[in-house]
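Q: Here you go, one structure.
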Amino acid sequence: MIRLRVSSDISPALGDQITGKEPTMIRLRVSRSIVIVCLSVTCLIVPVPLRAQGPSPSPPDEAAIRGIVQRYVAAREARDPKAIESLFTRDADQLVSDGTWRRGRDELVRGMLQSSARTGGHRSIGITSLRLLAADVALVDGRYRQAGLATGQDRELWTTLVLRREPTGWRIAAIRNMLPSVPSPAGNRQQPTKRS
């Protein structure tokens, strides 16, 4: 049984059940079936965040997605603008490790070619995880290696690619390249400084 406190000036629709200005307790009977339905709905809603990561792709989708990533690396190595362009959605974007944000396929192609010409070297992506976020959206994480750069140093980065299925097949919609950082020891985390 649920008890509600209802004020007569808030709920005049209760008519004769409420007299005067004093709050009145109203008893409502909640049937067992309503409680069961509410609990069932709650049980269905609560696991949704757990399912939000999505299922693994089917073998043909996984092969196609991995193939796009391999073709992307090969196109970058060949410095082939048409091959690079064909792998991206029109509205694709890329956030690179220096903070440059390339927006749109044309800007991506131009920026990638300039970067490859400036830094030289060879690039590779080792996929570490691949999953679907939705039936037509995939998330790929990997180790992004740049070796033999003009600076004489190699770079190890993380990369995340978002791919979207289009009528012509899977295409890259976004790339995020990140430099790995070393986490602070658990007991020695730096606290933000206060400014006066």
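Q: Say whether the condition of being hydroxyl-bearing (Ser, Thr, Tyr), in contact with a strand residue (DSSP E or B) (Cβ under 9 Å, 6 or more places away or on another chain) and either modelled with pLDDT under 90 or in the same structural domain as Gly169 (by TED's automatic domain parsing) (or both) is met by at least one residue in the range 67-88.
A: Yes, the range 67-88 contains a residue that is hydroxyl-bearing (Ser, Thr, Tyr), in contact with a strand residue (DSSP E or B) (Cβ under 9 Å, 6 or more places away or on another chain) and either modelled with pLDDT under 90 or in the same structural domain as Gly169 (by TED's automatic domain parsing) (or both).
Q: Quick one: is Ser56 out of contact with any Phe, Trp or Tyr (no Cβ under 6 Å at 6 or more places or on another chain), at pLDDT below 55, among the small types (Gly, Ala, Ser) and part of a loop (DSSP other than H, G, I, E, B)?
A: For Ser56, the condition - out of contact with any Phe, Trp or Tyr (no Cβ under 6 Å at 6 or more places or on another chain), at pLDDT below 55, among the small types (Gly, Ala, Ser) and part of a loop (DSSP other than H, G, I, E, B) - is not met.
Q: Name the strands (runs of 3 or more DSSP E) wholly within the range 92-196 that hold at least 2 residues that are among the hydrophobic types (A, V, I, L, M, F, W, C) and either surrounded by 12 or more Cβ atoms within 10 Å (Cβ to Cβ) or at pLDDT 95 or above (or both)?
A: 122-134, 137-147, 155-166, 169-178
Q: Out of the residues in the range 155-176 that are closer than 18 Å to Ser116 by Cα and without any contact (Cβ under 8 Å) to a residue 60 or more places away in the chain, which is nearest to the chain's Cα centre (by Cα)?
A: Among those residues, the one meeting the criterion is Thr159.
The values are calculated or read from the model by the stated rules, or taken from the named source; none is laboratory data. All values reported here derive from a predicted model rather than from experimental measurement. Neighbour counts are summed over all protein chains in view; Cβ atoms, including those assigned to glycine, are modelled from backbone coordinates with ideal geometry.
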